[in-house]
Amino acid sequence: MTRMLKTLVVEDSDFQADILESTLNDLGIMDVTKADNGIHALQYFSDALGTAAPYTLVFLDIVMPEMDGQEALKRMRAVEKEAGVTADNKTTIIMTTSLDSPNDMIEALIEGDCNDYIVKPVETVNLKGMLKKHRFL
């Protein structure tokens, strides 16, 4: 079953981005855009919101060049706030990390206002569970 979830994958590793996109496609999520850093992600995110076709779901790597995921997350939430997006309509943002660092996760979850996190490499069973948890499957 194909789900029409507009999804943004933000990952500086082409390999990791391709794996996540492929896994999402296997789960029926076909509308996937990839960004290789936080600056590009913020631009895509802002443009989509500005055209009234916002992303439903964002997977955001924490450690990236140019602008890291935590800064991108804060700016994405600021863009939503400025656009008048209500708490019920915010994009679901899931941080991805290979670090499994509790401090980074706490900062992203509490201070950055992300919805959840998943550790890389992202395994299909974990991704499926995450998507079910957030009611996308």
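Are any residues in segment 42-63 in contact with a Ser or Thr (Cβ under 9 Å, 6 or more places away or on another chain) and farther than 14 Å from residue 85 by Cα, and if so, which ones? Before the answer, list the steps.
As a first pass, look at segment 42-63 and keep what is in contact with a Ser or Thr (Cβ under 9 Å, 6 or more places away or on another chain): 44-45, 48-49, 54-63.
Of everything in segment 42-63, those that are in contact with a Ser or Thr (Cβ under 9 Å, 6 or more places away or on another chain) and farther than 14 Å from residue 85 by Cα turn out to be 44, 57, 58, 59, 60, 61, 62, 63.
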Does segment 46-62 contain at least one residue that is within 21 Å of residue 12 (Cβ to Cβ), at pLDDT 95 or above, charged (D, E, K, R) and in contact with a Leu (Cβ under 9 Å, 6 or more places away or on another chain)? no
List every residue pair whose Cβ atoms lie under 7 Å apart, where the two residues are 6 or more positions apart in sequence or sit on different chains, the first residue falls within segment 44-70 and is among the acidic types (Asp, Glu), and the second residue, located anywhere, is assigned to a helix (DSSP H, G or I). 61/69; 66/38; 66/39; 68/38
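Working carefully through the options 128, 132, find the one that is more than 20 Å from residue 35 (Cβ to Cβ), surrounded by 14 or more Cβ atoms within 10 Å (Cβ to Cβ) and at pLDDT 90 or above. Working first, answer last.
On the way: 132 fails: surrounded by 14 or more Cβ atoms within 10 Å (Cβ to Cβ).
None of the others qualify; the one that does is 128.
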Matching residues in segment 34-45 - criterion: being among the polar types (S, T, N, Q) and closer than 11 Å to residue 12 by Cα: 37
Pairs, first among the basic types (Lys, Arg) in segment 22-35, second buried (at least 17 other Cβ atoms within 10 Å of the Cβ), C-beta under 8 Å, six or more apart: 34/8; 34/9; 34/10; 34/11; 34/17; 34/21
Residue 107, sole failed condition from (1) charged (D, E, K, R); (2) more than 13 Å from the chain's Cα centre (by Cα); (3) modelled with pLDDT of 90 or more: (3)
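The values are calculated or read from the model by the stated rules, or taken from the named source; none is laboratory data. Computed from a predicted model, the values in this text were never measured in an experiment. Here Cβ is always computed from backbone atoms with ideal geometry, including for glycine, and neighbour counts include all displayed protein chains.
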